[in-house]
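Enquirer: Handing you this structure, nothing more for now.
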Amino acid sequence: MNKLARILLVEDDPLSVELTIEVLEEYNLSNDVAIVEDGEQALDYLYQRGKYANRPNGNPVVVLLDIKMPKVDGLEVLRQVKSDPDLKAIPIVILTSSTMESDLVESYHLGANAYVVKPVAFPDFVEAIKTLGVFWALINKPPTESVTK
């Protein structure tokens, strides 16, 4: 990877990854996606450590984060990112199959910017990803530097 990814996709389901990338290709965003398979890799990517130590500096404009993952779950990733002054301004969209009210409440309590339940029907999934990709990667204006207090 020789340029900074605009989108960090944190997803352990290969089919969801494949479908998400296919949809983002329509908006020429698929080359701007870094894909990691679990929360541990997501934190390594964001903190530029381990195999991501040499990735380009800067943060993605959005993180699409699954909740139910191996090693470190999405809620813990969210907790760490939103408590870090250098990372907390990164928008995090929970993109999950979880319909549990407790997951939704905890996500917003921890600072999620949006909570999207992955639609089961393919056309609905495509539409949800299109909307997310266009808004967060093309329309939303992120800060250019760290937001610290």
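The values are calculated or read from the model by the stated rules, or taken from the named source; none is laboratory data. Please read all numbers here as calculations on a predicted model, not as lab measurements. Here Cβ is always computed from backbone atoms with ideal geometry, including for glycine, and neighbour counts include all displayed protein chains. Ligands, DNA and RNA are excluded from the accessible area calculation, which covers all protein heavy atoms including side chains. Shrake-Rupley method; radii C 1.70, N 1.55, O 1.52, S 1.80 Å.
Enquirer: What's the magnitude of the charge dipole for the range 1-83 around its Cα centre, counting Lys and Arg as +1 and Asp and Glu as -1 at the beta-carbon? Answer in Debye, nearest 20.
Expert: Working: 9 positive and 15 negative charges, 121 e Å.
In debye, rounded to 20, the range 1-83 gives about 580.
Enquirer: Give me the distance in nm between label points sitting 7 Å out from Cα along the Cα-to-Cβ direction at ASP86 and ASP124, one decimal.
Expert: Result: 4.1 nm between the two label points.
Enquirer: Between beta-carbons, use under 10 Å as the cut-off and find the net charge around LYS118, counting Lys and Arg +1, Asp and Glu -1. Let's see the in-between values first.
Expert: Details: positive: none; negative: GLU11, ASP13, ASP66, ASP124.
Once positives and negatives cancel, what remains is -4.
Enquirer: Based on the alpha-carbon gyration tensor of the range 71-127, what equivalent-ellipsoid semi-axes (square roots of 5 times the eigenvalues) come out, in whole Å, largest first?
Expert: After scaling each eigenvalue by five and taking roots: 23, 13, 10 Å.
Enquirer: Something else about it: How much accessible surface does MET69 have with a 1.4 Å probe, in Å² rounded to 10?
Expert: 20
Enquirer: Here's another thing I want to ask about it. Just how much of SER83 is accessible, in Å², when a 1.4 Å probe is used and the result is rounded to the nearest 10?
Expert: Its heavy atoms expose roughly 90 Å² to the probe.
Enquirer: How long is the gain from GLU25 to ASP13 if the chain were fully straight, where each residue apart is worth 0.36 nm and the alpha carbon distance is subtracted?
Expert: 2.5 nm
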